[in-house]
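The values are calculated or read from the model by the stated rules, or taken from the named source; none is laboratory data. Remember, it's a predicted structure, so these values are computed and weren't measured experimentally. Neighbour counts run over all protein chains shown; Cβ positions are idealised from the backbone, glycine included.
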Amino acid sequence: MDTVSDVPYIVEATGLTKEFKGFAAVKNVDLRIRRHTIHALIGPNGAGKTTCFNLITKFLEPTRGTIRLNGRDITRTKPADIARLGMVRSFQISATFGHMSVLENVRVALQRPLGTSFHFWKSESSLSALNDRAMQLIADVDLTQYANHMAVELPYGRKRALEIATTLALEPEMLLLDEPTSGMGREDIARTSDLIKRVSENRTVLMVEHNLSVVANLSDRITVLARGEILTEGPYAEVSKNPQVIEAYMGTGHGHG
């Protein structure tokens with residue numbers, strides 16, 4: 001059965017279209033996401049990137065088109081079932097319980113795949129194995145010094161790191177990030193970029209991101225959307241030279257961070 005990894009593309013979307021009351025937010029988009037790459041969806045406001053992302057992550061049903069995950073048709077599959085197939089949208093589990101510590105949050109997330117979520121009365125001995133794994137994940141996202149802090153007390157950027165840790169607890173094969181650096185200052189952006197780079201090893205990442213420097217720094221491949229259609233696709237060096245991309249992003253003389 002383990003022929004899945006022979007399929008070079010983990011996700012293949014064909015003819016993806018989403019209409020809202022006759023308005024096509026996404027029009028006939030073909031998107032192929034190669035395994036073990038970081039793939040970014042970018043585009044100006046209203047380009048359809050969030051709609052496209054929501055279709056792939058199953059938050060929206062397409063009007064037309066098909067989506068395959070590891071060669072399997074998931075067009076009508078529910079988001080919860082998608083997670084079981086290895087594709088997890090970070091923040092979809094909103095797994096940060098404010099008044100639990102960072103360690104407790106990650107431990108709860110680790111209990112999910114075992115089907116024992118919220119069994120807080122489990123014996124201490126079985127929890128110690130969970131603690132080791134939880135502390136490893138916490139170290140992976142650079143939160144060791146915050147392990148015993150309440151989630152609600154964390155600075156904003158660190159909250160996002162905790163959300164990524166709770167997502168990684170589900171051992172996703174593919175990680176879906178919706179504007180992971182939005183609302184962050186420069187230091188948090190740099191730290192979050194490093195974190196995404198680290199966690200993407202042996203995983204596939206699809207992200208929607210506004211910040212072009214983050215995209216330039218992280219992405220193997222970039223799909224640029226404009227008015228619901230693919231404007232161009234390729235590595236950053238290529239995409240950033242495209243006159244239509246420059247026009248769409250910069251407009252006439254307006255810089256864009």
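Here are the numbers for the structure shown:
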| quantity | calculated |
| --- | --- |
| Selected residue [assigned to a helix (DSSP H, G or I) and within 17 Å of Val108 (Cα to Cα)] from Leu170, Leu137 | Leu137 |
| Failed condition for Ser219, given (1) surrounded by fewer than 17 Cβ atoms within 10 Å (Cβ to Cβ); (2) at pLDDT 90 or above; (3) not hydrophobic (A, V, I, L, M, F, W, C) | (1) |
| Which numbered condition Asn54 misses (of (1) under 25 Å from Pro180 (Cβ atoms); (2) in contact (Cβ under 8 Å) with a residue 12 or more places away in the chain; (3) of a type outside the set (Ser, Thr, Tyr)) | (2) |
| Qualifying residue in segment 182-189 (condition: under 15 Å from His39 (Cα atoms) and without any contact (Cβ under 8 Å) to a residue 60 or more places away in the chain) | no |
| Test: residue in segment 191-208 that is on the phi > 0 side of the Ramachandran plot and out of contact with any Asp or Glu (no Cβ under 7 Å at 6 or more places or on another chain) | yes |
| Residue that is nearest to Asn105 (Cα to Cα), among those in segment 37-91 that are under 13 Å from the mean Cα position of the chain (by Cα), of a type in the set (Val, Ile, Thr) and part of a strand (DSSP E or B) | Val88 |
| Candidates Gly71, Gly48, Gly22, filtered to the one that is on the phi > 0 side of the Ramachandran plot, in contact with a helix residue (DSSP H, G or I) (Cβ under 8 Å, 6 or more places away or on another chain) and not β-branched (Val, Ile, Thr) | Gly71 |
| So Thr50, is it surrounded by fewer than 19 Cβ atoms within 10 Å (Cβ to Cβ) and of a type in the set (S, T, N, Q) | no |
| Filter result for the condition that a residue is touching a strand residue (DSSP E or B) at 6+ places or on another chain (Cβ under 8 Å) and more than 13 Å from His36 (Cα to Cα), over Leu225, Leu195 | Leu225 |
| Test: Thr204 is hydroxyl-bearing (Ser, Thr, Tyr), over 23 Å from Arg112 (Cα atoms) and crowded, with 20+ Cβ neighbours inside 10 Å | no |
| Which numbered condition Ala95 fails, given (1) part of a loop (DSSP other than H, G, I, E, B); (2) modelled with pLDDT under 90; (3) farther than 24 Å from Leu162 by Cβ; (4) of a type outside the set (Val, Ile, Thr) | (3) |
| Which numbered condition Val26 misses (of (1) modelled with pLDDT of 95 or more; (2) out of contact with any Leu (no Cβ under 7 Å at 6 or more places or on another chain)) | (2) |
| Meets criteria (in a helix (DSSP H, G or I), modelled with pLDDT under 90 and within 21 Å of the chain's Cα centre (by Cα)) for Ala129 | no |
| Cβ-Cβ under 9 Å pairs, at least 6 apart or on other chains, segment 1-13 side closer than 16 Å to Val205 by Cα, far side at pLDDT 70 or above and among the acidic types (Asp, Glu) | Ile10/Glu173; Glu12/Asp30; Ala13/Asp30 |
| Matching residues, segment 196-224, being among the basic types (Lys, Arg) and more than 20 Å from Gly157 (Cβ to Cβ) | Arg203, Arg221 |
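Yes/no per residue for (1) within 24 Å of Ala248 (Cα to Cα); (2) in contact with a Gly (Cβ under 6 Å, 6 or more places away or on another chain); (3) among the acidic types (Asp, Glu):
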position: Val7; (1), (2), (3): no, yes, no
position: Ile10; (1), (2), (3): no, no, no
position: Thr17; (1), (2), (3): yes, yes, no
position: Lys21; (1), (2), (3): no, no, no
position: Arg32; (1), (2), (3): yes, no, no
position: Arg72; (1), (2), (3): no, no, no
